[in-house]
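Inspection log for the structure reproduced underneath, given as structure tokens.
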Ligand SMILES: Nc1ncnc2c1ncn2[C@@H]1O[C@H](COP(=O)(O)OP(=O)(O)O)[C@@H](O)[C@H]1O
Ligand SMILES: [Mg+2]
């Protein structure tokens, strides 16, 4: 199962990604969590000790040079377009509570599709993660998905768009949905987050793009908010494990 989580900044992508990882891991599945959002802190949310010591793949200049044949930061040089990456998750991921984890780091000039060794390396790595791994792979992404490329996106079983009850979040969701459809994503799901009232839920349902239906929801909760202040994710997970399982069942198609 390969899942990508997207949505407006602050909607709850990282929180949902972490809860999904915990839920899959609690069922004994091998989980590989990928932080692909330059502003994310998935490591902290997953309670990794010393998250600031985790080195993003993009910062591994020697490795990127060894694999692509060119120094990162140089453009216009000749480099390999399909560098070897299949040993990277084993060698360079971090592990905690049974969850493997990697931070990709910021892709330079992503929207311009910059052809430089480091972008090529990250793209090859993502493609490998999505197309060739047998773990559950969950990618915490930013709102933009255009830099991923069709090949990688085609391997994603479902894109989960997190929405909160607000106009801006739903506007962003609409743009992601349109792009994802255009790029041929197999399945696009919507999960409501920070829901306080029936009105919140009704507002989200009414404003989902193209009359899409809601896959699941998480309430607004002080426990989920407190994760950001260092409260162990496991504590909040206990309270919401049924919501998360229901979301997984819908997203993966198991009833
Ligand atoms: N259901 C929720 N209830 C309360 N606070 C939440 C909830 N989901 C997320 N948060 C809080 O909202 C903030 C943004 O969440 P985060 O998952 O980091 O969003 P994103 O990754 O989309 O930017 C964090 O402080 C987080 O603790
Ligand atoms: Mg985030």
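The figures follow:
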item: Degrees between helix 167-182 axis and first principal axis of the chain (Cα, 0 to 90, nearest 10); result: 50
item: Degrees separating the helix 198-207 axis from the principal Cα axis of the chain, which is the longest one; result: 50
item: Enclosed volume per residue, in Å³, of the convex hull spanned by Cα atoms of the stretch 1-83; result: 144
item: Compactness of the stretch 143-187 as Cα Rg over 2.2 N^0.38 Å, two decimals; result: 1.15
item: Distance between the stretch 127-191 and the stretch 1-49 - C-alpha centres, whole angstrom; result: 14
item: Pair residue 115, residue 132: separation of 7 Å Cα→Cβ label points (nm); result: 2.2
item: Compactness index (Cα Rg / 2.2 N^0.38 Å), the stretch 1-155; result: 0.99
item: Using alpha-carbon coordinates, inclination of helix 233-252 to the longest axis of the chain, degrees; result: 80
item: Reciprocal mean inverse distance between Cα atoms of the stretch 198-255 - Kirkwood radius, Å; result: 13.1
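Coordinate-derived values only; no laboratory data. Quantities reported herein were computed from a predicted structural model and do not represent experimental measurements. Every residue, glycine among them, receives a Cβ derived from its backbone with ideal geometry; neighbour counts consider all protein chains shown.
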